[in-house]
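Chemist: Have a look at this one before I ask anything.
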Amino acid sequence: MEESLKMHWEKVYETKAPEQLSWTQEVPKTSLNFIHSFGLPKTAKIIDIGGGDSRLADCLLEEGFENITVLDISANALDKAKQRLGNKAEKINWVVSDINEFEPTTTFDIWHDRATFHFLTTGEQIAKYIDTAKNAVSGFLTIGTFSDYGPEKCSGLEIKQYTEITLNKELEKGFNKIRCINEDHITPFNTTQHFLFCSFKRHAAGQQETLWFK
C-alpha cells in the first residue's frame, strides 16, 4: 500500500467531520437506485469500494440486504462508520485496503464505487483496478466518477475525469454498459460537483458487444 496515500486519507477522516467532506450524502439516492435496478435478492453479495463512512451500508442494512462488504484505504473512515452503526456494524464485512492491493477471496453480485475510480490516474492503476473487478464481479458493477465538467482535484489530489464514452472504453473488455446518467452533487457546503454514474454487467470472456437496457 502506498503509505503516503494511506496517511493522506487517514488524516482526512481523523480531522474532518462528515459535513466538512465534499462527498458526504445523507441518503445516497443515485447509488441505491442503481443497486435496485439490478433486481437482485437481499442475499446478493455487495461490495462498496472506497465506502469510507458513507451511509450506503446503513441504507442497505435498513432495506434488508444481508451480505455487505465495505472497503476503504482508511481505517479511520471505517471506524467512524462502525461507531455510527453500533451493533449493526457486526453485520458488515469491513476491509482496510488500497483497492489496487485488494485480493478478493470471493465474488460479488454487485460492485459499487462512488468516487474511488477517478483517483486512479495512471494506466497501470486503472488496468489493475479493472483486472480486480473482472475477477471479482459475477454480476453487476456501478461506478460514479467526476465528469468532464467536474472538479479537476478532490481532497487535494489529482483526479481523472470521464465521459460516458471514455468510461465505457476502460471497462468494455470485461463489462457491457447498461446505462449512464449525469448528476449534480450538492456538497454539504452548497457547491456543485458534476458526476457521471454508469452501470455495467459482467460479460463472458471474449464477449465484446455493448447491450443497452431501459
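Chemist: Quick one: how many residues across the range 133-158 are under 24 Å from Ile35 (Cβ atoms), touching a residue at least 40 places away in the same chain (Cβ under 8 Å) and of a type outside the set (Lys, Arg)?
Modeler: 15
Chemist: Within the range 36-57, can you find the residues that are more than 22 Å from Cys198 (Cβ to Cβ) and modelled with pLDDT of 95 or more?
Modeler: Passing the criteria: Pro41, Lys42, Thr43.
Chemist: Follow-up question, since we're still on this one. Where residues in the range 184-214 are modelled with pLDDT under 90 and among the charged types (D, E, K, R), which of them is nearest to Asp148 (Cα to Cα)?
Modeler: Asp184
Chemist: Also, I was wondering about something else. Which residues, counting only those in the range 137-151, are over 14 Å from the mean Cα position of the chain (by Cα) and of a type outside the set (D, E, K, R)?
Modeler: Ser138, Gly139, Ser147, Tyr149, Gly150, Pro151
The values are calculated or read from the model by the stated rules, or taken from the named source; none is laboratory data. Everything numeric in this text was worked out from a predicted model, so none of it was measured. Glycine also receives a Cβ, built like all others from the backbone with ideal geometry; neighbour counts cover every protein chain displayed.
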